[in-house]
Amino acid sequence: MSWVKLKEKDLRISCKIRAKDFKTTAEVPPLEEMVGQDRAVKATEFGLRIKRPGYNIFMTGLTGTGKSSYAQSIIQNYRQKNRFRMTGSMSITLKTRGNQLP
């Protein structure tokens, strides 16, 4: 096996966006679906169809992957499509190491 010495320019990946309708990412609307998480999407949709008290939907994953945005988006869409009114409450709890809230 031979070693190849890489130059700095060989380690960069550039993303050229040809058509952008925004100046900053703050103007980009949040995704309405989870990319590459088909099983999680199906499980969430299943959980929303349960109309009995005491059932919860639990999401876990790395920080910044869009779990909270997705949860809020799918609940809003589900309400509109199904004329659904939440009878309980929705809470999003974040935990860090040592069970300390951020």
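Can you give the FRET efficiency for Glu33 and Asp10, using 1/(1 + (r/R0)^6), R0 = 35 Å, r = Cβ-Cβ distance, to the nearest 0.05?
0.55
Using a simple spin-label model with points 7 Å from Cα along the Cα→Cβ vector, what separation in nm is obtained for Ser68 and Asn56?
Between Ser68 and Asn56, the label points sit 1.8 nm apart.
Among the listed pairs Lys23/Lys81; Lys23/Lys67; Lys7/Lys67, which are separated by more than 29 Å between their Cα atoms?
With Cα atoms farther than 29 Å apart: Lys23/Lys81; Lys7/Lys67.
Apply the Karplus parameterisation 6.51 cos²θ - 1.76 cosθ + 1.60, with θ equal to phi minus 60°, to every residue of segment 65-82 and state each ³J(HN,Hα) to the nearest whole Hz, in sequence, with x for glycine and proline.
Each residue's phi maps through the Karplus curve to give 8, x, 4, 5, 4, 5, 4, 5, 5, 5, 5, 4, 5, 5, 4, 5, 6, 10 Hz.
I need the phi-derived Karplus couplings for segment 45-54: 6.51 cos²θ - 1.76 cosθ + 1.60, θ = phi - 60°, integer Hz, Gly and Pro marked x.
4, 4, x, 5, 7, 6, 10, 10, x, x
Values in this text are rule-based calculations from the coordinates and carry no lab data. Treat the numbers as computed from the prediction; the structure is a model and nothing was measured. Ideal geometry is used to build each Cβ from the backbone, glycine not excepted, and the neighbour counts take in all protein chains shown.
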